[in-house]
Every structure is written in C-alpha cells, then in structure tokens.
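Written below as structure tokens is the structure these notes are about.
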Amino acid sequence: MDCRDSVVSCLSWILITGGVAYLLHQTRNHTKYGRYVSAEGRCCPAKLGWFLQEVPAFLVPLLLLLAEDPGTNRTGTGRTLLLCTFMLHYFHRSFIYAFLTRGRPVPLPIVLYAAIFCSLNGFLQGHHLLHCARFQHTWLTDARMAAGFLLFLLGMAVNIHSDHILRSLRKPGETVYRIPRGGMFEFVSGANFFGEMLEWFGYAVAVCSLPSFAFALFTVCSIGPRAYQHHRDYQQRFKDYPRSRKAVIPFIL
Ligand SMILES: NC(=O)c1ccc[n+]([C@@H]2O[C@H](COP(=O)([O-])OP(=O)(O)OC[C@H]3O[C@@H](n4cnc5c(N)ncnc54)[C@H](OP(=O)(O)O)[C@@H]3O)[C@@H](O)[C@H]2O)c1
C-alpha cells in the first residue's frame, strides 16, 4: 500500500483539534464514567466494555502488519519494533487489563466512541509507521529513539503498577473508593494517568512524527483533566487528603 499523506495529515489534525476541544469541554463537565455517572443509563459490563473499546487499536495495526508483502521488505525492523510497542500497550489493555478490572459498568456511548477512536488511531499509527515513516539505517544507535523507547517502557511500568494498586483497593464485587497508596501514588493523585502520558510521550519521541505527537497530545487532553477531577474528588471524599503524603498535586509533583 502507498503512503496516504493526506489521510495521515487529516487524521492527525483531527486528533489535535479534537483533543483540544475535549480538554476545553472537560474544564466545564466531568467525563461521564466511573464515579461520575449513575448506573441507570445503558451500560456495558466493565470487562466486556474495556475489551471491545480497546481491541481495535491492537487488531487494526496487526492486520496492516499481516497485509504487508514480506517480499518487498519495506517494513524494516525499526518501524516494526515501534509498531509492536504500540500494539503491546493495547494487547495488555484489551487482553489483560480488561479481564482484571473491578470497575463499574461503562456507559455504552463511551464504549462506542472509544472503539471508534481506537480503530482510527490504530490505523493512523499503523499506516504511518508501515507505509510513510522513513528511518535511517543507524536507528538502532539513535539516542533519541532509545530515550523515547525507555520512556515508553518506564511509563508502561508505572501505568500497569498503578492500575494494579487501584484494583487491589477493592474486593471482587465492591465499588467503594479508597485512598491509593504506594508506588507513584505517593507523589501523584492520578499515577496511572501519569504513567500513560509518559508512555505516549516516549512513543512520540521515539517515532518523532506528526501522528505520534498528535496522539500524545490527545492523551494529555483526554486524561489530564480526569486526573485533576479525581484529585478534587479525593479532597471532597477524604477530608484529610493527602495528609499522609510527602506531597501530592493533581497529576505530577
Ligand atoms: N490514552 C487515553 O486517552 C486513555 C483514556 C482513558 C483511559 N486510559 C487508561 O485506561 C486506564 C483506566 O482509565 P480510567 O479512566 O478508568 O482510570 P481510573 O478512573 O483511575 O479507574 C481505574 C480503575 O480503578 C478503579 N478506581 C479508581 N480509583 C479508585 C479508588 N480510589 N478506589 C477504588 N477503585 C478505584 C476504577 O473503578 P470505577 O470504574 O468503579 O471508578 C477503575 O476500575 C488508565 O490506565 C488510563 O491511563 C487511557
């Protein structure tokens, strides 16, 4: 397949403008999910909802990768490795996180919008890496790519560990909220969100393209306000929050 420059550019700018619009929207309204939504609307069980909404971001790049003609050798190790880091995140989110979550049911519109987003973003990142990006033969020793890759792995570790801490706050069937302790939660109210932002910022540094930076920006616009909302929610729920902490501010020290 040839590189569709206009599609890549169009989707990237949709991510950028959509992200900024979503950020502005969230300064006035809570995202209607989890603790901020009643269970009365039409919802999907959390495990199924997370699986359905995230799996397109794994499957679409996988299909693009499989559709590559191995004979042409256009893919190259560097871009395949970078695409695999993207897919690794979504493999974990769809096949591991989704089945471990103890969260509340997810509103159907959120599942639908997230699935559309994950499909388009999976196509954007996959198509750009496989058909448009150009890497030097020296990519393996490129300091920028190595630094970005390490940031991605560090962010993923923080994200997974923090999500594990949140999960451990509940017994199966519970829907209570408790103060998360340990790991990056000692410094950051939204440690899982902080890890995710670090991940996609690292990915953007490694790939160094318009689509990857557009996605990193979208992530900050999408989950930055959530982290702030959770911080305010903890302050309202727990009168002495975050008394026992070294220091906690909305999402980064
Ligand atoms: N890249 C992106 O744009 C993007 C967008 C959204 C999410 N994500 C990622 O997806 C993951 C989950 O996102 P999320 O918005 O659902 O995160 P979240 O609001 O922090 O919730 C994560 C899970 O922990 C539970 N939980 C949260 N705080 C808790 C507390 N104080 N006590 C007990 N349980 C608590 C939640 O239950 P309830 O559901 O019952 O509240 C939910 O099951 C995160 O890692 C996030 O980074 C990424």
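How do the pairs read when you match residues in the stretch 141-154 that are among the charged types (D, E, K, R) with residues anywhere that are surrounded by 13 or more Cβ atoms within 10 Å (Cβ to Cβ), using Cβ under 8 Å and keeping only pairs 6 or more apart or on different chains?
Close Cβ pairs (under 8 Å, with a partner that is surrounded by 13 or more Cβ atoms within 10 Å (Cβ to Cβ)) amount to 144/205; 144/206; 144/208.
From the list 228, 234, 241, exactly one residue is out of contact with any His (no Cβ under 8 Å at 6 or more places or on another chain), more than 9 Å from the ligand (Cβ to nearest atom) and at pLDDT 90 or above. Which is it?
From the options 228, 234, 241, the qualifying one is 228.
Which residues, taken from the stretch 1-40, are away from the ligand (no atom under 16 Å from the Cβ) and either acidic (Asp, Glu) or farther than 20 Å from residue 219 by Cα (or both)?
Result: 1, 2, 3, 4, 5, 6, 7.
How about the stretch 17-42: which of its residues are crowded, with 17+ Cβ neighbours inside 10 Å, among the hydrophobic types (A, V, I, L, M, F, W, C) and at pLDDT 90 or above?
Once the filter is applied, which keeps residues that are crowded, with 17+ Cβ neighbours inside 10 Å, among the hydrophobic types (A, V, I, L, M, F, W, C) and at pLDDT 90 or above, the stretch 17-42 yields nothing.
Hey, residue 161 hits all of (1) of a type outside the set (Gly, Ala, Ser); (2) touching a residue at least 40 places away in the same chain (Cβ under 8 Å); (3) in a helix (DSSP H, G or I) but one; which does it fall short on?
Status for residue 161: all satisfied but (2).
Would you say residue 43 is within 12 Å of the ligand (Cβ to nearest atom) and more than 21 Å from the chain's Cα centre (by Cα)?
yes
State all residues of the stretch 1-16 that are at pLDDT 85 or above and either within 25 Å of residue 228 (Cα to Cα) or part of a loop (DSSP other than H, G, I, E, B) (or both); if no residue qualifies, say none.
2, 3, 4, 14, 15, 16
For the stretch 17-31, give me each residue that is part of a helix (DSSP H, G or I), within 19 Å of the chain's Cα centre (by Cα) and in contact (Cβ under 8 Å) with a residue 40 or more places away in the chain.
Matches in the stretch 17-31: 18, 19, 20, 22, 23, 26.
Which one is nearest to the chain's Cα centre (by Cα) among residues in the stretch 95-109 that are buried (at least 18 other Cβ atoms within 10 Å of the Cβ) and more than 9 Å from the ligand (Cβ to nearest atom)?
Among those that are buried (at least 18 other Cβ atoms within 10 Å of the Cβ) and more than 9 Å from the ligand (Cβ to nearest atom), it is 98.
Filtering the stretch 175-193 down to residues that are buried (at least 21 other Cβ atoms within 10 Å of the Cβ) and touching a His at 6+ places or on another chain (Cβ under 7 Å), which residue is modelled with the highest pLDDT?
190
Say whether the condition of being within 30 Å of residue 175 (Cα to Cα), at pLDDT below 95 and not hydroxyl-bearing (Ser, Thr, Tyr) is met by at least one residue in the stretch 110-130.
Yes, some residue in the stretch 110-130 is within 30 Å of residue 175 (Cα to Cα), at pLDDT below 95 and not hydroxyl-bearing (Ser, Thr, Tyr).
Going by the conditions given, is residue 48 buried (at least 20 other Cβ atoms within 10 Å of the Cβ) and assigned to a helix (DSSP H, G or I)?
no
Since residue 55 meets every condition but one in (1) more than 16 Å from the ligand (Cβ to nearest atom); (2) modelled with pLDDT of 90 or more; (3) of a type outside the set (D, E, K, R), which condition does it not meet?
Condition not satisfied by residue 55: (1).
Within the stretch 1-47, count every residue that is of a type in the set (A, V, I, L, M) and in contact with a Leu (Cβ under 9 Å, 6 or more places away or on another chain).
8
Determine which single condition residue 176 fails, assuming it passes every other condition in (1) aliphatic (A, V, I, L, M); (2) under 26 Å from residue 38 (Cβ atoms); (3) in a helix (DSSP H, G or I).
The number of the failed condition is (3).
Look through 169, 150 and report the one residue that is in contact with a Pro (Cβ under 8 Å, 6 or more places away or on another chain), closer than 21 Å to residue 92 by Cβ and either surrounded by 20 or more Cβ atoms within 10 Å (Cβ to Cβ) or of a type in the set (A, V, I, L, M, F, W, C) (or both).
169
The values are calculated or read from the model by the stated rules, or taken from the named source; none is laboratory data. All figures in this text were calculated on a predicted structure; none of them were measured in a lab. Cβ: placed from backbone, ideal geometry, glycine included. Neighbour counts: every protein chain shown.
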